[in-house]
Structure formats: C-alpha cells, structure tokens
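Undergrad: Mind having a look at this structure? Questions to follow.
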Amino acid sequence: MPFTNIKLFTGNANPELAKRICERLHEPLGDAVVREFSDGEIMVEISENIRGADTFVIQSTCRPGNNNLMELLILIDALKRASAWRITAVIPYFGYARQDRKVAPRAPITAKLVADLITVAGASRVLTMDLHAGQIQGFFNIPVDHLYASPILLRYLKKLGFGETVVVSPDAGGVERARAFAKRLGAGLAIIDKRRTGPNISQAMNIVGDVKGKAAVVVDDMIDTGGTLVEGLKALKKAGAGPLLACATHPVFSGPALERLKDSPAEKIIVTDSIPLSEEALGCEKIVQLSIDELLAEAIRRINDNESVSSLFV
C-alpha cells in the first residue's frame, strides 16, 4: 500500500525550488523555522506534528556550503527526534563532491565525510542529481537514488533545432557523460584534451574528434569558475566549430565565472536550478536556467508510493 503521509521541508539553500516541487506534488511546504542565533549557530524548529510521516528535506549544499550543509544535518536530526517514519535527504547539488579520493598525501576524502555526516544525522535515504563522481553513491550505507538532468537539458536542445551537432566532453573524465548525451541527441562525440596546472586553473590543448562546421555542445556536471569551459569553447571556435553551446547541471558560478561566461564565444549556457542564480546571472542573456522541479517531484512521489525510481535514472 502507498504510504501517503508525506511532509516536505526545506532550509534556506533553495526555497524557490522546494516550493515548485511542493506545487507539483500538490502538498504544502512543511512548517519549519530555520534561522541563525546572533553568534551564527543554526536553530531549527519543526512547528507541526510529523510523527510517523514520510519526510523529505530539500536542501542543496551550495554556497554558503558550510551553512547549508549544517542546516541539512540539523533538519534531519530534528525530524529524527520528532519520530518521523522515514527521512529522505533531497540534495539536488551535493557539495564537497570534488574531494572524492586522495589526490595528494595527507589529503581528506571530504565527500565520504559528508556522506557519513548525513547518515549519522539520521537520513534513511538520499535523492541527489548529477554527482561529480558516481562512486560517491558507494560512500553511503543507506540507499541513494542518483538522478540525471539530461532529459531536461536534451528536451531544450532538441527544440533549438540545430543541424549537424557534436557533443563535447571538456576533459577525459567526462567522456562517459558526453557519450550518453550524444547517443540520446543523435550527435557525434569529441573530447577536449586539456592539462590542469592548479586548482580551478586549466589550459585546453587540442580537440579529439571532428567538430569543423558543426554545432558543438560542451557537456559537464558543473560550472565553477568557468575557466575549463571557456578555454574549451575557445579551442572549439579555433577548430572551426559553431554555433557553440554549453550545458551543465550545477551553476556554481564562483569567482570570475560570470565575467568569463559573458565574454565567452558561447551562444547559450544552459543550466538548471539545482543552485539558485544571482540577479546578475539571471540578467545575463547567454544564461538559460531550466527547472528540475518536475523530475525531483516525480522521484519523491515514487519513493513515497514505494514505486520503482529506476526509469528516471537516464
């Protein structure tokens, strides 16, 4: 039998996305107060009865990452202590995911640490989207439903109606993602061979694949400072590709990202609302933001009704 006693809560990371998900599900947003004490400590109060309820906490761990992560953990703890039947952490953007392995001596594996924190706080399962590294699912000892934004991005790209198109991976690590994207778009595949000289610094070297005279779509999981993306776009333009587009699920947009993107040769930079955009970013004509509310709402509905979520993992 479906378990219908559903309650949805959110912190301060992305309340607009949470509201849209609630509208899709025809459910009210849970009554909770999430604020800071004068010294910066986070205080949470659940203002309604959730005993025996199937609860969902919708919270990206985007900037300010530490605050939003603590809000998520404290919300989960509050729900657990209020006797919620099940607690699902809905994390559209999973922060600290780039530190998923030791790349230097005495380095932490912070993605594993965050997974442990979420589990110990009391989460029963996790629903997330486009992890930076797929193996992070194995860092959890609870079920993880890993969704992809590609159906939403592909739907938009197909409406644009470009001719011959090639999907471009910005580095060797993203080839699997780009290949799956190209297959569903019916496009070719190319790879940017690059060399990274330091954190958030990369230099594109050459293009592997035929891009001349074709529409090129650079696909990645996130755009942080924009250095990797812009260098790749410049290399594609030099190789004769055009028009140029970029797709990414998570618009982190830190540091000089917006200035770089505005000056880039891309016609459109297509992202989702897993992370809310600033007013400046929303005002940029090149940036197109698509909503993932429908996809997340459907996943939440299926989890609540004890239905299979696997058909959404595409």
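Undergrad: For region 268-279, give me the residue count where each residue is surrounded by fewer than 20 Cβ atoms within 10 Å (Cβ to Cβ) and out of contact with any Leu (no Cβ under 6 Å at 6 or more places or on another chain).
TA: So the count comes out to 4.
Undergrad: Assuming MET70 fulfils every condition listed in (1) assigned to a helix (DSSP H, G or I); (2) exposed (fewer than 14 other Cβ atoms within 10 Å of the Cβ) apart from one, which condition is it?
TA: Going through (1) assigned to a helix (DSSP H, G or I); (2) exposed (fewer than 14 other Cβ atoms within 10 Å of the Cβ) one by one, MET70 breaks only (2).
Undergrad: Of all residues in region 236-267, which are closer than 18 Å to LYS158 by Cβ and buried (at least 20 other Cβ atoms within 10 Å of the Cβ)? Walk me through how you get there before you give the answer.
TA: Kept after step one, since they are closer than 18 Å to LYS158 by Cβ, are these residues of region 236-267: 243-249, 267.
Of everything in region 236-267, those that are closer than 18 Å to LYS158 by Cβ and buried (at least 20 other Cβ atoms within 10 Å of the Cβ) turn out to be LEU244, LEU245, ALA246, CYS247, ALA248, THR249.
Undergrad: Another question, then. Identify the residue in region 139-164 that is surrounded by fewer than 16 Cβ atoms within 10 Å (Cβ to Cβ) and small (Gly, Ala, Ser) and, among all such residues, is farthest from the chain's Cα centre (by Cα).
TA: Per the criteria, the residue is GLY163.
Undergrad: Then there is this: When you go through (1) part of a helix (DSSP H, G or I); (2) out of contact with any helix residue (DSSP H, G or I) (no Cβ under 6 Å at 6 or more places or on another chain); (3) touching a residue at least 24 places away in the same chain (Cβ under 8 Å); (4) closer than 13 Å to ALA13 by Cβ one by one for VAL114, which number turns out not to apply?
TA: Against the list (1) part of a helix (DSSP H, G or I); (2) out of contact with any helix residue (DSSP H, G or I) (no Cβ under 6 Å at 6 or more places or on another chain); (3) touching a residue at least 24 places away in the same chain (Cβ under 8 Å); (4) closer than 13 Å to ALA13 by Cβ, VAL114 comes up short only on (4).
Undergrad: Of the conditions (1) at pLDDT below 95; (2) at positive phi; (3) not aliphatic (A, V, I, L, M), SER83 satisfies every one except a single condition; which number is it?
TA: (1)
Undergrad: Which residue, of ARG63, ARG24, ARG35, ARG86, is among the basic types (Lys, Arg) and in contact with a helix residue (DSSP H, G or I) (Cβ under 7 Å, 6 or more places away or on another chain)?
TA: Working: ARG63 fails: in contact with a helix residue (DSSP H, G or I) (Cβ under 7 Å, 6 or more places away or on another chain); ARG35 fails: in contact with a helix residue (DSSP H, G or I) (Cβ under 7 Å, 6 or more places away or on another chain); ARG86 fails: in contact with a helix residue (DSSP H, G or I) (Cβ under 7 Å, 6 or more places away or on another chain).
Being among the basic types (Lys, Arg) and in contact with a helix residue (DSSP H, G or I) (Cβ under 7 Å, 6 or more places away or on another chain) holds for just one of ARG63, ARG24, ARG35, ARG86, which is ARG24.
Undergrad: Can you say whether PHE9 is of a type outside the set (Ser, Thr, Tyr) and surrounded by 24 or more Cβ atoms within 10 Å (Cβ to Cβ), as far as the supplied structure shows?
TA: On the way: of a type outside the set (Ser, Thr, Tyr): yes; surrounded by 24 or more Cβ atoms within 10 Å (Cβ to Cβ): yes.
Spelling it out, PHE9 is indeed of a type outside the set (Ser, Thr, Tyr) and surrounded by 24 or more Cβ atoms within 10 Å (Cβ to Cβ).
Undergrad: Go through region 1-19 residue by residue and tally those that are in contact with a Leu (Cβ under 9 Å, 6 or more places away or on another chain) and not in a loop (DSSP other than H, G, I, E, B). Break it down into steps so the answer makes sense when it comes.
TA: So in region 1-19, the residues in contact with a Leu (Cβ under 9 Å, 6 or more places away or on another chain) come out as 6-11, 13, 15, 17-19.
Filter once more, so that each one left must be not in a loop (DSSP other than H, G, I, E, B): 6-10, 15, 17-19.
Of the residues in region 1-19, 9 are in contact with a Leu (Cβ under 9 Å, 6 or more places away or on another chain) and not in a loop (DSSP other than H, G, I, E, B).
Undergrad: Search region 282-297 for residues being under 17 Å from the mean Cα position of the chain (by Cα) and free of Cβ contacts under 8 Å to residues at least 60 places away in the same chain, and hand back the single one that is surrounded by the fewest Cβ atoms within 10 Å (Cβ to Cβ).
TA: So the first thing to find is which residues in region 282-297 are under 17 Å from the mean Cα position of the chain (by Cα), and the list is 287-297.
Restricting the remaining residues to those that are free of Cβ contacts under 8 Å to residues at least 60 places away in the same chain gives 287, 289.
Values: ILE287: 22, GLN289: 16.
Ranking the candidates gives GLN289 first.
Undergrad: Tally up the residues in region 31-42 that are within 17 Å of ALA121 (Cβ to Cβ) and either touching a Gly at 6+ places or on another chain (Cβ under 7 Å) or surrounded by 12 or more Cβ atoms within 10 Å (Cβ to Cβ) (or both), please. Break it down stepwise before answering.
TA: Taking region 31-42 first, the residues within 17 Å of ALA121 (Cβ to Cβ) are 32, 34, 41-42.
Now drop any that are not either touching a Gly at 6+ places or on another chain (Cβ under 7 Å) or surrounded by 12 or more Cβ atoms within 10 Å (Cβ to Cβ) (or both), which leaves 32, 34, 42.
Counting residues in region 31-42 that are within 17 Å of ALA121 (Cβ to Cβ) and either touching a Gly at 6+ places or on another chain (Cβ under 7 Å) or surrounded by 12 or more Cβ atoms within 10 Å (Cβ to Cβ) (or both) gives 3.
Undergrad: Return the residue satisfying two criteria in turn: it lies in region 88-111 and is aliphatic (A, V, I, L, M) and more than 20 Å from the chain's Cα centre (by Cα), and of such residues it is nearest to ASN12 (Cα to Cα).
TA: Step one: filter region 88-111 for residues aliphatic (A, V, I, L, M), giving 89-91, 97, 103-104, 107, 109, 111.
Imposing the further condition that a residue be more than 20 Å from the chain's Cα centre (by Cα) reduces the set to 103-104, 107.
Working: VAL103: 32, ALA104: 34, ALA107: 30 Å.
Per the stated criteria, the residue is ALA107.
Undergrad: A further question follows. Determine, yes or no, whether GLU16 is surrounded by fewer than 18 Cβ atoms within 10 Å (Cβ to Cβ), farther than 18 Å from ARG86 by Cβ and touching a Pro at 6+ places or on another chain (Cβ under 9 Å).
TA: Yes; evaluated as a whole, the condition is true for this residue.
Undergrad: Do we find a residue being under 21 Å from the mean Cα position of the chain (by Cα) and either at pLDDT 90 or above or assigned to a strand (DSSP E or B) (or both) anywhere in region 211-218?
TA: Scanning region 211-218 turns up at least one residue that is under 21 Å from the mean Cα position of the chain (by Cα) and either at pLDDT 90 or above or assigned to a strand (DSSP E or B) (or both).
Undergrad: Then there is this: For region 21-60, please list each of the strands (runs of 3 or more DSSP E) lying entirely inside it that holds at least 1 residues being within 23 Å of ARG302 (Cα to Cα), touching a residue at least 24 places away in the same chain (Cβ under 8 Å) and acidic (Asp, Glu).
TA: By residue number, 54-58.
Undergrad: Which residue, of GLY163, GLY138, is of a type outside the set (Asp, Glu) and free of Cβ contacts under 8 Å to residues at least 12 places away in the same chain?
TA: Working: GLY163 fails: free of Cβ contacts under 8 Å to residues at least 12 places away in the same chain.
Just a single option satisfies the conditions, and that option is GLY138.
Undergrad: Identify all residues within region 122-138 that are buried (at least 19 other Cβ atoms within 10 Å of the Cβ) and either among the β-branched types (Val, Ile, Thr) or in a helix (DSSP H, G or I) (or both); write none if there are none.
TA: Selection gives VAL126, THR128, ILE136.
Undergrad: While we're on this one: Being more than 22 Å from ARG177 (Cβ to Cβ) and touching a strand residue (DSSP E or B) at 6+ places or on another chain (Cβ under 9 Å) is the filter here, so list the residues in region 108-139 that pass it.
TA: ILE118, THR119, ALA121, GLY122, ALA123, SER124, ARG125
The values are calculated or read from the model by the stated rules, or taken from the named source; none is laboratory data. On a predicted model such as this, the values are computed, not experimentally measured, just so you know. We place every Cβ from the backbone using ideal geometry, glycine too, and count neighbours over all the protein chains shown.
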